[in-house]
1. Can you give the charge dipole size of the chain about its Cα centre, rounded to the nearest 20 debye, using +1 on the beta carbon of Lys and Arg and -1 on the beta carbon of Asp and Glu?
2. Quick one: which of 17-25, 33-41 comes out on top by average Cβ neighbours within 10 Å, and what's the full order, highest first?
3. Please tell me the relative contact order of the stretch 3-48 in percent, rounded to the nearest whole number, where contacts are Cα pairs under 8 Å and at least six residues apart.
4. Could you give me the ³J(HN,Hα) list for the stretch 36-50, computed from phi with Karplus coefficients 6.51, -1.76, 1.60 and θ = phi - 60°, whole Hz, x at Gly and Pro?
5. Hey, got the Cα dimensions of the chain along the principal axes, in Å, largest first?
Amino acid sequence: MKKLNCLECDAELAVPSDAIQGEVVTCRDCSTAYELVSEDGGLFSLKPAELEEEDWGE
Ligand SMILES: [Zn+2]
């Protein structure tokens with residue numbers, strides 16, 4: 001099982017063994033959401049998930 005740590009608080013994030021690109025994991029300590037980005041070698045890196053914050057326009 002791969003281990004990733006929260007970029008905000010360094011807590012360990014639980015990444016499912018069958019995690020896929022684009023899956024969102026949430027830090028249980030600080031509630032920051034991250035999107036999994038697949039890297040070479042079957043690893044994942046973290047990208048802060050953009051919460052739906054649509055620009056409603058005018
Ligand atoms: Zn955290």
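Just so you know, all these numbers are worked out from the coordinates, no wet-lab data involved. Just so it is clear, the model here is predicted, and its values are computed rather than measured. A quick note on method: Cβ atoms are made from the backbone with ideal geometry, for glycine too, and the neighbour counts reach across all protein chains shown.
1. On the way: 4 positive and 15 negative charges, 103 e Å.
Computed charge dipole of the chain: roughly 500 debye.
2. Numbers: 17-25: 11.9, 33-41: 13.4.
Going by the mean number of other Cβ atoms within 10 Å, highest first, we get 33-41, 17-25.
3. Details: 72 pairs, mean separation 12.5, N = 46.
Reported relative contact order: 27 percent.
4. Along the stretch 36-50, the couplings run 7, 10, 6, 10, 4, x, x, 9, 10, 10, 9, 10, x, 6, 7 Hz.
5. 46, 25, 15
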